[in-house]
Amino acid sequence: MTPLTVRSHYSLMWGTCAPAAICAAARQRGYTRLALTDTDNLYGLWAFLDGCKAEGLRPIVGAEVTAPGAALRAVCLVETPTGYRNLCGLITRRHCDPDFDLESGVIRHAEGLAVLTRSPQLLTRWHHAGVAVYGALPRRPDGAALRLRQAARPLGVPTVATPGSFFVDPAEYPIHRVLRAIARNTTLDRLPPGAAAPADAWLAPPDVYRRRFAPWPDALRAGDALAERLAFTGPPRRLLLPPWTGDGGCPADELLRAAAYAGARRRYGADLCETVVERLEHELRIIVRMGFAAYFLVVRDIIARSPRICGRGSGAASLVAYCMGITNVCPVQHNLYFERFLNPGRKDPPDIDVDFAWDERDAVLADVLARYGAHAAMVCSHIGFQPRMAIRETARVFGLAEREIGRVSRRLPWFWRAVSTGEDLLERLKGLPELGGIDFPQPWPQIVGIAQRLIGVPRHIAVHPGGVVITPEPVATYVPVQPAPKGVPVIQWEKEGAEAGGLVKIDLLGNRSLGVIRDALANLRQNQIEFDEAHWEPEQDPATRARLARGETMGCFYIESPATRLLQQKTGVGDFEHLVIHSSIIRPAANALIREYVRRLRGGAWQPVHPLLGDVLAETYGIMVYQEDFSRAAVALAGFSDVDADGLRKVMAKKDRTHRLADYRQRFAAGARARGLSPEEIETVWKMMMSFAGYSFCKPHSASYARVSFQAAYLKTHFAAEFMAAVISNQGGFYSTFAYVSEARRMGLTVRPPDVNRSAVRWQGREKTLRVGWLSLKALGLRTRERIVAARRQRPYVDIGDFLERVRPDHEEARALVDAGAFDGLHPGVSRAVLLWEVARCQGGRQGRSEAPDLFGRRPQPERPELPPEAEIERLRRAFAVLGFLCDRHPMTLYAGALAARGVVKAAALGQHAGRQVRVAGLLITAKVVHTRRGEPMEFVTFEDETGLVEATFFPAVYRRFCTLLDRSRPLLLEGRVEADFGAHTLTVGKVAPLAATAGA
């Protein structure tokens, strides 16, 4: 008996189990062969093939293809490589062809496929069309199965037992029903009988199926005979490089050489030094030998469409890429290791990552997809249930009210995502400080138990942030393609599947900071400031280096987080080489190493863990910082080959790395012992290696980002207004607009409110002044913002009535403009209450009768009413409500009176109180929850007042007590101890109290 109709959780919202779990269960139940036939997709193909290999099963590749809007379906099993290509084409047509017809589609793609159907009509038609068709007998003999056998017998068509499964064990049936109820947006008690599979649709042992089909033993034999015929066990794992079709048929190898040397002369001058020539020749030999010349040329053509890019990742180690303008950091100058990107022993496809300005990236992608047509598609992402979503959705289908669901889900911390294998979700919920005081009566234990089983189950697909594949033949030759919800074509595999299938991914990603730099330079040109970008070397600027050494980098790409700013302050260095180190060493598992790094950098004595690591880690003070350090240490200490060391690096980045690391650890320890390392030295080095768990960076990547960081820091240092305007206008970064406005004030900039005759859609900077842009008024629609600017080009607005008549904002937009102060320049001294009266009068007049104009075309203006002056605090509240910040002051200044009597220390003076208990008041601007080694949550929080920032630490006990008070909606009074660490000052919090109740503001 061979299971020929098996669905995994990639049969979205039907199946419950991962392919690996299905393979393990099949092996335990005595099967030697197994088919995976997910519905209309091959999402799980590579996970299935890997699962079969791990369990010693022979895989049968297939899919169930459905007819849109009808109950007809066909299970298509692959017999030959041609059949695989046809299956990919059939699934692609199913998703992409609005007129797809299952009957004709199967006939068109039938070669190399065995097709199973339960429809007597389709069986007859397909048989006459020459399709290798079989009658599919579902779960047990019944009347429908009998009619199918009767139709098949005179045709000589075999009927096979194909008891389909959607789950592995009967106990998973409730999970299946919950998925079906979620998919249909209904409750369990209203789920129609036909909307879910029957309770016996599980992967039973062979004996169960033999008993079920005892009346028709020939159906079992026919199934085994069919399975024996299906010799195809998966597509080949080979590289599929982008095709090169340009430049009149000239070989790609020759074109690459010419392009590389032409670019080298642009970068280094006509007389190339020996070092550059040798490095170019070395790289070109490897690139050509591995067949990657066309790949480089394709990427060059893609980036040529954008004037500002950041090539990053391991590809930035390539001098060829640098010379061709794909990357912007010199690998020779910065000692970047090319073999990390490409070496003859590498089997998997490397990829080149390129960042574009965030608002230009979609146009670049559209151009690539249009240019390459059916030969290009994006990589997809499989979006699974996360804990919060799983709990909410399960509670809904149990019929709980939204208020009851929100009582739990809204209090789940934002950082809470993954659940460890084997961890009891209900117990974890009960232990969360944020859910203190909530009990979980029935049916909550049942809801949470099912929700835990849903975590990680795929719910839908999305588009990878930027991965594009370009293939020699149409993409659908290798993998099914379908349209993503946003309309672009995507392959059905995630990036791991694309890599396994040999598809070379080009990552074209959006980067807001490239937009910031672009807009800041454009603002400079608008202000008639000359700037020679072609010869811009911000890394050499002393003032920029000094800013970096002080950690004054809010708004600067990649180095503005609290952790990085504190590291800059502790090290006190701002040169490019150290910034590259700092960009890499800030990673989740490296906290202990960071402190030791700072100690060594500041003159502390140190020795390499072992002499063999002396040269390997010389530039990073004996500490592993980059992925290359990790790999080279494995080679130097344990005798790993470059390929094995790279394999270890990849395992470290996997979510399921724990069991896969055991073999590597044994091999590492054995190799290190053979080279004379003591057990203590081996353990020390291994722990350092483990600091790369989860994610880490290679040096070329960090160097590429450090280049952008330096450009941003230079602009902030020398052109603060233009830079901060660009930061806010690009609406990204680590912090909110509120925090960036505060930073602008601390830098001595004046923030001007929006003005109907002066503001643009984006913020503008000039000299020491920032002007608020219309994009910061969230109540303004895009078209209204554009109309304000367009109408003003014809002539300035003369008063509020003129503005309302020409722009025609709706009532909420007009109120927001008044509250933000946008008409104050037209009506100085007029209260905003009167301006709101004008809005009501003018907009009311559009709908009712208006006064007739006089002989000169002027309409009589009624007298404005005498309204009481608006209280200043009310005016500020309204402005803050529409803008999210105050232009002329920091909100904390409103609490000056209340704070004066409390002995509060200002943020700027915190360093003067090291080692003392103090009180600090401020607004929360960012926070990060982490977990101690014992799994307890704690939080690093950044507060600000009008003078500066306070980096605060909430250790577990204090976090448990006060976590529910920590939000951005109100100022807080903190009590704690000021800690000094290598010149950086933080606050270890002991108590928290809300300030609003006592401020009187």
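The values are calculated or read from the model by the stated rules, or taken from the named source; none is laboratory data. The structure presented is a predicted model; accordingly, all values stated were derived computationally and were not measured. Positions of Cβ are backbone-derived with ideal geometry, glycine not excepted, and every protein chain shown enters the neighbour counts. With ligands, DNA and RNA removed, areas are computed over all heavy atoms of the protein, side chains included. Shrake-Rupley method; radii C 1.70, N 1.55, O 1.52, S 1.80 Å.
Can you give me the ranges of the strands (runs of 3 or more DSSP E) entirely in segment 477-524 with at least 2 residues that are at pLDDT below 95?
So the answer is 505-511.
Please find, among Lys716, Lys699, the residue that is out of contact with any strand residue (DSSP E or B) (no Cβ under 8 Å at 6 or more places or on another chain), closer than 23 Å to Asp888 by Cα and among the charged types (D, E, K, R).
Lys716
Tell me, please, whether a residue that is open to solvent by 40 Å² or more (accessible area, probe 1.4 Å) and in contact with an Asp or Glu (Cβ under 6 Å, 6 or more places away or on another chain) can be found in segment 910-932.
yes
How do the strands (runs of 3 or more DSSP E) wholly within segment 99-164 filter down when requiring 2 or more residues that are more than 12 Å from Ala219 (Cα to Cα): which remain?
Strands (runs of 3 or more DSSP E) meeting the threshold: 113-117.
Assuming Cys887 fulfils every condition listed in (1) part of a loop (DSSP other than H, G, I, E, B); (2) modelled with pLDDT under 95; (3) touching a helix residue (DSSP H, G or I) at 6+ places or on another chain (Cβ under 8 Å) apart from one, which condition is it?
Every listed condition holds for Cys887 apart from (2).
Quick one: would you say Leu593 is among the hydrophobic types (A, V, I, L, M, F, W, C) and modelled with pLDDT under 95?
yes
Please tell me if Ala720 is open to solvent by less than 10 Å² (accessible area, probe 1.4 Å) and modelled with pLDDT of 95 or more.
In short, no.
I'd like the full set of residues that are aliphatic (A, V, I, L, M), free of Cβ contacts under 8 Å to residues at least 60 places away in the same chain, in contact with a Gly (Cβ under 8 Å, 6 or more places away or on another chain) and assigned to a strand (DSSP E or B), limited to segment 912-961.
Within segment 912-961, Val950, Ala952 qualify.
Checking the structure you have, find out if any residue of segment 92-112 is surrounded by fewer than 18 Cβ atoms within 10 Å (Cβ to Cβ) and over 28 Å from Val479 (Cβ atoms).
No, segment 92-112 has no match at all.
Of (1) open to solvent by less than 20 Å² (accessible area, probe 1.4 Å); (2) more than 22 Å from Gly510 (Cβ to Cβ), Ile302 satisfies all except one. Which?
The one condition Ile302 does not meet is (2).
Go through (1) farther than 17 Å from Leu677 by Cβ; (2) touching a residue at least 60 places away in the same chain (Cβ under 8 Å) and name the single condition Phe630 misses.
Going through the list (1) farther than 17 Å from Leu677 by Cβ; (2) touching a residue at least 60 places away in the same chain (Cβ under 8 Å), Phe630 breaks only (1).
Out of Val685, Val651, which single residue is in a helix (DSSP H, G or I) and either at pLDDT 90 or above or within 28 Å of Val332 (Cβ to Cβ) (or both)?
None of the other options fit; the residue is Val685.
Being touching an Asp or Glu at 6+ places or on another chain (Cβ under 9 Å), open to solvent by 10 Å² or more (accessible area, probe 1.4 Å) and not aromatic (Phe, Trp, Tyr) is the filter here, so list the residues in segment 46-65 that pass it.
Ala47
Could you grab me the full set of residues in segment 284-299 that are crowded, with 16+ Cβ neighbours inside 10 Å and either among the aromatic types (Phe, Trp, Tyr) or under 32 Å from the mean Cα position of the chain (by Cα) (or both)?
Selection gives Ile287, Met290, Phe292, Ala293, Ala294, Tyr295, Phe296, Leu297, Val298, Val299.
Of the residues that sit in segment 952-970 and are in contact with a Pro (Cβ under 7 Å, 6 or more places away or on another chain) and closer than 15 Å to Ala921 by Cβ, which one is surrounded by the fewest Cβ atoms within 10 Å (Cβ to Cβ)?
Leu965
Which residue pairs have Cβ atoms under 6 Å apart, sit 6 or more places apart or on different chains, and have a first residue in segment 302-320 that is in contact (Cβ under 8 Å) with a residue 60 or more places away in the chain and a second that is open to solvent by 20 Å² or more (accessible area, probe 1.4 Å) and assigned to a loop (DSSP other than H, G, I, E, B)?
Pairs found: Ala317/Tyr337.
Return the residues of segment 133-151 that are of a type outside the set (Lys, Arg), closer than 11 Å to Leu123 by Cα and surrounded by fewer than 21 Cβ atoms within 10 Å (Cβ to Cβ); say none if nothing qualifies.
Ala151
Return the residues of segment 43-61 that are on the phi < 0 side of the Ramachandran plot and small (Gly, Ala, Ser); say none if nothing qualifies.
Gly44, Ala47, Gly51, Ala54
Among (1) farther than 19 Å from Val839 by Cα; (2) buried (at least 21 other Cβ atoms within 10 Å of the Cβ); (3) touching a residue at least 60 places away in the same chain (Cβ under 8 Å), there is one condition Trp763 misses while meeting the rest; what is its number?
(3) is the only condition that Trp763 fails.
Give segment 226-238 a look and list any residue that's more than 30 Å from Pro474 (Cα to Cα) and open to solvent by less than 70 Å² (accessible area, probe 1.4 Å), or say none.
Leu226
Just to be sure I understand, how many residues within segment 732-744 are open to solvent by 20 Å² or more (accessible area, probe 1.4 Å) and closer than 13 Å to Val772 by Cα?
2
Suppose we keep only residues that are closer than 17 Å to Met724 by Cα, within 27 Å of the chain's Cα centre (by Cα) and among the hydroxyl-bearing types (Ser, Thr, Tyr) within segment 541-576. Which one would you say is least open to solvent (accessible area, probe 1.4 Å)?
Per the criteria, the residue is Thr553.
Any chance segment 568-578 includes a residue that's out of contact with any helix residue (DSSP H, G or I) (no Cβ under 8 Å at 6 or more places or on another chain) and either of a type in the set (A, V, I, L, M) or at pLDDT 95 or above (or both)?
There is no residue in segment 568-578 that is out of contact with any helix residue (DSSP H, G or I) (no Cβ under 8 Å at 6 or more places or on another chain) and either of a type in the set (A, V, I, L, M) or at pLDDT 95 or above (or both).
Of all residues in segment 165-183, count the ones that are part of a loop (DSSP other than H, G, I, E, B) and surrounded by fewer than 23 Cβ atoms within 10 Å (Cβ to Cβ).
Total satisfying the criteria: 1.
One line per residue, one yes/no per condition, for (1) open to solvent by 20 Å² or more (accessible area, probe 1.4 Å); (2) under 43 Å from the mean Cα position of the chain (by Cα); (3) without any contact (Cβ under 8 Å) to a residue 24 or more places away in the chain:
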site: Ala195; (1), (2), (3): no, yes, yes
site: Phe213; (1), (2), (3): no, no, no
site: Asp224; (1), (2), (3): yes, no, no
site: Leu240; (1), (2), (3): no, yes, no
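Looking only at segment 1-44, count how many residues are outside any loop (DSSP other than H, G, I, E, B), open to solvent by less than 10 Å² (accessible area, probe 1.4 Å) and in contact with a Gly (Cβ under 8 Å, 6 or more places away or on another chain).
Final tally of qualifying residues: 5.
Would you say Cys330 is within 21 Å of the chain's Cα centre (by Cα) and not in a helix (DSSP H, G or I)?
No, not satisfied.
So Trp774 fits all but one of (1) closer than 29 Å to Thr947 by Cα; (2) without any contact (Cβ under 8 Å) to a residue 24 or more places away in the chain; (3) open to solvent by 50 Å² or more (accessible area, probe 1.4 Å); (4) touching a helix residue (DSSP H, G or I) at 6+ places or on another chain (Cβ under 7 Å); what number is the exception?
If we test Trp774 against (1) closer than 29 Å to Thr947 by Cα; (2) without any contact (Cβ under 8 Å) to a residue 24 or more places away in the chain; (3) open to solvent by 50 Å² or more (accessible area, probe 1.4 Å); (4) touching a helix residue (DSSP H, G or I) at 6+ places or on another chain (Cβ under 7 Å), just (3) comes out false.
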